[in-house]
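Beneath this line is the structure, given in structure tokens, with notes to follow.
Bear in mind these aren't lab numbers, they're just calculated from the coordinates by the rules spelled out. Predicted model only: the values in this text are computed from it and were never measured. A quick note on method: Cβ atoms are made from the backbone with ideal geometry, for glycine too, and the neighbour counts reach across all protein chains shown.
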Amino acid sequence: MSAIHLRYEVPGDDFTRAGEASGAVKKRLKALGYNPEAIRRVAIAMYEAEINMVIHAEGGYCDVDIYPDKVEVLLADKGPGIPDVEKAMQAGFSTAPDNVRNLGFGAGMGLPNIKKYTDEMRIETEIGVGTNLYLTVRVNND
Amino acid sequence: MLIKDIIDILQGEVICEGDLNHEIKTACGSDMMSDVLAFVKDQSVLLTGLVNPQVVRTAEMMDMSCIVFVRGKDPDQSIIDLAKSRDITLVKTRFRMFTACGLLYSNGLSGGCTL
């Protein structure tokens, strides 16, 4: 059973707003008293994923389920899909355009960072249909 | 080291004032935000030549309480507002990235990374 369910839209046309959902979730988890390290892991993974949605997929939405012992996040978009997931997972591999690099992203660290900070990560992607990214961060509140 | 010590060492100008007595233990200098996000350490300062709102968001996700803009770059009002709402101190210094990092390092601030 889900303790708390949250949904956020990620606007695809405004790079400056990418990170609003992650920031809101971070604030919420902080108010709920989750441990700071877990909060940071959720925030960073979700933030990278939000950035990816804006860069590659013209936005989408995130569903966040907060349980006492874990946080689950689904980031869903209707973008072009990822042709080669294995390649996209390699640190340094990027298909981001130059204008994104000028903004400080597109270093090919997005998916590797997401994997690093989550306990589980699953990608469902279909070319021309979109991508669902499922993330789980376990929380040790001791 | 406190944020106010960093401001002194870098002869910085405060653009948005948070808690200047906040203790800083490590520093990170980068224009690539994904590289910053790859490195998690408590109580860090971010030095960057990049001036856009994602710098503040990156600092927010990383629990960083101070951002230093190098080469005298000025953030616009949207960046300042974002930092203010998150209680993040913004500082600008005329030093370039290499020099700014070197000055902090030689005054005892570590990179916080191990190889």
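Assorted remarks:
- Chain A - charge dipole about Cα centre, Lys and Arg +1 at Cβ, Asp and Glu -1, debye rounded to 20: 480 debye
- Converting the Cα gyration tensor eigenvalues of chain B into ellipsoid dimensions via √(5λ) gives semi-axes, longest first, of 18, 16, 14 Å.
- Relative contact order (percent, whole number), the range A:4-138, Cα cutoff 8 Å, 6+ residue spacing: 27 percent
- The HN-Hα couplings worked out from phi for the range B:68-83 by the Karplus form 6.51 cos²θ - 1.76 cosθ + 1.60 (θ = phi - 60°) are 10, 8, 8, 6, x, 6, 9, x, 7, 5, 5, 5, 5, 4, 4, 5 Hz, whole numbers, x standing for Gly and Pro.
- Count, lysine Cα pairs under 21 Å in chain A, 8 or more residues apart or across chains: 10
- Under 5 Å between amide hydrogens, built in the peptide plane, is the criterion, and for A:ASP119 it picks out A:THR136, A:VAL137, A:ARG138 among residues at least 5 positions away or on other chains.
- Under 5 Å, built H, 5+ apart or other chain: amide partners of B:LEU2: B:ILE24
- Amide H within-cut-off set for A:GLY59, under 5 Å, with H built and near neighbours excluded: A:VAL54
- For chain B, adding -39500 (n - 2.57) for each run of n ≥ 4 DSSP H residues and dividing by the number of residues yields -9500 deg cm²/dmol at 222 nm.
- Applied to the range A:16-29, the Karplus parametrisation 6.51 cos²θ - 1.76 cosθ + 1.60 on θ = phi - 60° returns per-residue 3J(HN,Hα) values of 5, 8, 4, x, 5, 5, 4, x, 5, 5, 4, 4, 5, 5 Hz, with x for Gly and Pro.
- Between 0 and 90°, nearest 10: helix A:36-57 axis offset from chain A longest Cα axis: 30 degrees
- Rounded to the nearest 20 debye, the dipole size of the protein assembly as shown about its Cα centre is 500 debye, using +1 on the Cβ of Lys and Arg and -1 on the Cβ of Asp and Glu.
- Computed about the Cα centre, the dipole magnitude for chain B is approximately 320 debye when only Lys and Arg (+1) and Asp and Glu (-1) carry charge, each at its Cβ.
- Cα-based convex hull, chain A, per residue volume (Å³, whole number): 101 Å³
- Straight-line cross-link reach from B:LYS73 at under 25 Å between alpha-carbon atoms covers these lysines, not counting any fewer than eight positions away in the same chain: B:LYS4, B:LYS25, B:LYS84, B:LYS92.
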